[in-house]
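Participant: Below: one structure in structure tokens.
The values are calculated or read from the model by the stated rules, or taken from the named source; none is laboratory data. This structure is a prediction, so every number in the text was calculated from the model and none was measured. Here Cβ is always computed from backbone atoms with ideal geometry, including for glycine, and neighbour counts include all displayed protein chains. Note: accessible area is taken over every heavy atom of the protein model, side chains too, but ligands, DNA and RNA are not part of it. Shrake-Rupley method; radii C 1.70, N 1.55, O 1.52, S 1.80 Å.
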Amino acid sequence: MKVSDYAQHDALGLAKLVRDGQVSPKEVALAATQAIEALNPMLNGVLEVFYDKLEGMDDAVKPREDPGPVFKGVPMLLKDIGASEAGRKQEMGSLLCRGRVAKETSFLTEKFQTAGLNTLGRTALPEFGLASANTVSNLHGTTVNPWNLNYMSGASSGGAGASVASGMVPVAHASDIGGSTRHPAGICGVVGLKASRGRITQGPSRSDFPLGTLNEFAITRTVRDSAALLDAIEGPGPREAKSIEKPAQSYLQAVLDVQAGAPILGGPNRLRVAVCDSSFCSVKVDQDVVNCVADTAKTLEGMDAVLNDDRPQFDFEMLCEADALAVGTHGVLRVQKVANEMGAPLDRSKISPVLCKMMDAAESRTALELYRALDHYNEIRRDVNLFFDAYDLLVLPVISCQTDLAELHALEVSDMTSDRWMHHYQYLVPFNISGHPAISVPVGVSRDGMPIGVQLVAKFGDESLLFRAAAALEIAMPWNERVPPHHASKL
């Protein structure tokens, strides 16, 4: 299989080739490794390829009576934190963890593999997924954007975003504690879903993650891939009780219905859409981003949606303070646990200055202050739930503006609660706290040719509506024909 042919297909497309007997899983995996070998030296998004998995891989190309799993033979990459595979390195972007090997396979990785995905390697992230607005670390360097090598790839799943956007793989594991799936997806021009709280397992190590802000899923090329993947992996893992109700109709079928001409919202009611392009703080929103949000809203209006300029009402300053304390405390705990696991004293010289500042701030606060922050979380959750009594969908930016690497180098040592950080996360963090499902879709392009993602947010548990709306936009504002200069289809 030629790399240029491989890169023409999304994950479901590749799986169909395998099921139809046109290519073998091994041929697909070889094409993926060739794409990585050609593009990754420029992008630095892939940390390691598991070449040993190619040995003994299925080489048969004969169609079988049993079609097998939905993503049979499709290569994917695991982010170097979260979903783990026993016996494989997971260094979390930190010098503190150099050489660390995962001791267990997470429930989510098992679900990926049961769905037929071939976990073929691991992708880059900033230290512990917390220490940067870009994917840069002292351990692995900087991951850049395949649209322009002078631009950031986003964080913390920037390795996944660059890998999918460049066509190295059609799907890559991502995680999102404050926007870290939607952020790189919007910046790199691909699709990134943060599911509702409790939809996807985080077990066994983080089954009861206390903040309720963390979500693990994937970055994909197409809406249908995200829908089919959520069908395949949603729900609790073994011995887990925490989950939310699965809809009667599959997510993929919801997408296929819209692709066949069905309306976004069935029944007699019109889709109620709130539109927000204003800043939550003092950061100015770039005009290209404002225009893209307006174009998206106008497109939905043409599909019989009712639009209103509105957004959830919450104290954004309070939100930032609460999140900095809660996430910072989580970061301290994670660093301490890993240091203990590695069997060595915590060496601060191996930790980035930003993470050290987070640790200092968290260690100086009291238990009462942390509990007050979690109480603020609950207030925000109630505010956002109340907002969706009046609306079906919220349309707003992913980020305020694109950022080049020169600015990022200055940003790495800045205060994580500053406005400059809020360039990247002001529209994202609120929905990690509230737990509502949100998706970034790459509907626009800036004046300098960089992708612009727009974010859709729906009621708690209503990923089906998100997928239907995203699928409709994928048809009306198509992005799949746009590929970056550094892409596997050009090899």
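Participant: State yes or no: is E55 without any contact (Cβ under 8 Å) to a residue 24 or more places away in the chain, among the charged types (D, E, K, R) and under 23 Å from P485 (Cα atoms)?
Facilitator: Details: without any contact (Cβ under 8 Å) to a residue 24 or more places away in the chain: yes; among the charged types (D, E, K, R): yes; under 23 Å from P485 (Cα atoms): no.
It is false that E55 is without any contact (Cβ under 8 Å) to a residue 24 or more places away in the chain, among the charged types (D, E, K, R) and under 23 Å from P485 (Cα atoms).
Matching residues to (1) modelled with pLDDT of 95 or more; (2) in a loop (DSSP other than H, G, I, E, B); (3) open to solvent by 10 Å² or more (accessible area, probe 1.4 Å); (4) under 22 Å from A471 (Cα atoms):
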| residue | (1), (2), (3), (4) |
| --- | --- |
| G192 | yes, no, no, yes |
| S196 | yes, yes, no, yes |
| L211 | no, yes, yes, no |
| I219 | yes, no, no, yes |
| A232 | yes, no, yes, yes |
| D257 | yes, no, yes, yes |
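Participant: Under the condition of being touching an Asp or Glu at 6+ places or on another chain (Cβ under 8 Å) and not charged (D, E, K, R), which residue from region 257-281 is nearest to D462 (Cα to Cα)?
Facilitator: Start the filter on region 257-281 by keeping residues that are touching an Asp or Glu at 6+ places or on another chain (Cβ under 8 Å), which leaves 263, 265, 270-276, 281.
Filter once more, so that each one left must be not charged (D, E, K, R): 263, 265, 271, 273-276, 281.
Values: P263: 16, L265: 12, L271: 14, V273: 14, A274: 16, V275: 18, C276: 20, C281: 28 Å.
Per the stated criteria, the residue is L265.
Participant: With (1) farther than 24 Å from D448 by Cβ; (2) under 18 Å from the mean Cα position of the chain (by Cα); (3) surrounded by 21 or more Cβ atoms within 10 Å (Cβ to Cβ) as the list, and N145 as the residue in question, which single condition is left unmet?
Facilitator: Going through the list (1) farther than 24 Å from D448 by Cβ; (2) under 18 Å from the mean Cα position of the chain (by Cα); (3) surrounded by 21 or more Cβ atoms within 10 Å (Cβ to Cβ), N145 breaks only (1).
Participant: If I go through region 375-403 residue by residue, how many of them are surrounded by 18 or more Cβ atoms within 10 Å (Cβ to Cβ) and either more than 22 Å from the chain's Cα centre (by Cα) or in a helix (DSSP H, G or I) (or both)?
Facilitator: Residues in region 375-403 being surrounded by 18 or more Cβ atoms within 10 Å (Cβ to Cβ) and either more than 22 Å from the chain's Cα centre (by Cα) or in a helix (DSSP H, G or I) (or both): 9 in total.
Participant: For Q455, work out the one condition from (1) within 19 Å of P170 (Cα to Cα); (2) touching a Ser or Thr at 6+ places or on another chain (Cβ under 9 Å) it doesn't fulfil.
Facilitator: Failed condition: (1).
Participant: Just one of the numbered conditions (1) touching a residue at least 60 places away in the same chain (Cβ under 8 Å); (2) out of contact with any Leu (no Cβ under 6 Å at 6 or more places or on another chain) is not true of Q113; which one?
Facilitator: All conditions are met except number (1).
Participant: Then there is this: Given the residues K242, K246, K284, which is the only one that is under 23 Å from D309 (Cβ atoms) and at pLDDT below 95? Break it down into steps so the answer makes sense when it comes.
Facilitator: Details: K242 fails: under 23 Å from D309 (Cβ atoms); K246 fails: under 23 Å from D309 (Cβ atoms).
Going through K242, K246, K284 in turn, just one is under 23 Å from D309 (Cβ atoms) and at pLDDT below 95: K284.
Participant: For region 151-190, which residues satisfy the criterion of being more than 19 Å from Q426 (Cα to Cα) and assigned to a helix (DSSP H, G or I)?
Facilitator: Matches in region 151-190: G159, A160, G161, A162, S163, V164, A165.
Participant: What's the number of the condition K79 fails, among (1) out of contact with any strand residue (DSSP E or B) (no Cβ under 6 Å at 6 or more places or on another chain); (2) surrounded by 24 or more Cβ atoms within 10 Å (Cβ to Cβ); (3) on the phi < 0 side of the Ramachandran plot; (4) not aliphatic (A, V, I, L, M)?
Facilitator: Unmet for K79, out of (1) out of contact with any strand residue (DSSP E or B) (no Cβ under 6 Å at 6 or more places or on another chain); (2) surrounded by 24 or more Cβ atoms within 10 Å (Cβ to Cβ); (3) on the phi < 0 side of the Ramachandran plot; (4) not aliphatic (A, V, I, L, M): (1).
Participant: Restricting to region 445-488, count the residues that are small (G, A, S) and surrounded by fewer than 17 Cβ atoms within 10 Å (Cβ to Cβ). Steps first, please.
Facilitator: Filtering region 445-488 down to residues small (G, A, S) leaves 446, 449, 453, 458, 461, 464, 469-472, 476, 488.
Next, from what is left, pick out any that are surrounded by fewer than 17 Cβ atoms within 10 Å (Cβ to Cβ): 449, 476.
Final tally of qualifying residues: 2.
Participant: Quick one: which residue in G159, G154 is buried (at least 23 other Cβ atoms within 10 Å of the Cβ) and either touching a Lys or Arg at 6+ places or on another chain (Cβ under 8 Å) or of a type in the set (S, T, Y) (or both)? Give the steps one after another, and end with the answer.
Facilitator: Working: G154 fails: either touching a Lys or Arg at 6+ places or on another chain (Cβ under 8 Å) or of a type in the set (S, T, Y) (or both).
None of the others qualify; the one that does is G159.
Participant: Looking at P268, is it modelled with pLDDT under 95, more than 23 Å from R182 (Cα to Cα) and either touching a helix residue (DSSP H, G or I) at 6+ places or on another chain (Cβ under 8 Å) or in a helix (DSSP H, G or I) (or both)? It would help to see each step written out before you state the result.
Facilitator: Numbers: modelled with pLDDT under 95: yes; more than 23 Å from R182 (Cα to Cα): yes; either touching a helix residue (DSSP H, G or I) at 6+ places or on another chain (Cβ under 8 Å) or in a helix (DSSP H, G or I) (or both): no.
Spelling it out, it is not the case that P268 is modelled with pLDDT under 95, more than 23 Å from R182 (Cα to Cα) and either touching a helix residue (DSSP H, G or I) at 6+ places or on another chain (Cβ under 8 Å) or in a helix (DSSP H, G or I) (or both).
Participant: For region 271-297, enumerate the residues that are without any contact (Cβ under 8 Å) to a residue 60 or more places away in the chain and either crowded, with 21+ Cβ neighbours inside 10 Å or assigned to a loop (DSSP other than H, G, I, E, B) (or both).
Facilitator: S278
Participant: Since C97 meets every condition but one in (1) farther than 20 Å from N40 by Cβ; (2) in contact with a strand residue (DSSP E or B) (Cβ under 8 Å, 6 or more places away or on another chain); (3) surrounded by fewer than 24 Cβ atoms within 10 Å (Cβ to Cβ), which condition does it not meet?
Facilitator: (2)
Participant: Would you please name the residue that is farthest from H140 (Cα to Cα), looking only at residues in region 98-116 that are in contact with a helix residue (DSSP H, G or I) (Cβ under 7 Å, 6 or more places away or on another chain) and hydrophobic (A, V, I, L, M, F, W, C)?
Facilitator: Our first condition is that a residue be in contact with a helix residue (DSSP H, G or I) (Cβ under 7 Å, 6 or more places away or on another chain); within region 98-116, this holds for 100, 108, 111-112, 115-116.
Of the ones still in play, those that are also hydrophobic (A, V, I, L, M, F, W, C) are 108, 112, 115.
Details: L108: 25, F112: 26, A115: 30 Å.
Of everything passing the filter in region 98-116, A115 is farthest from H140 (Cα to Cα).
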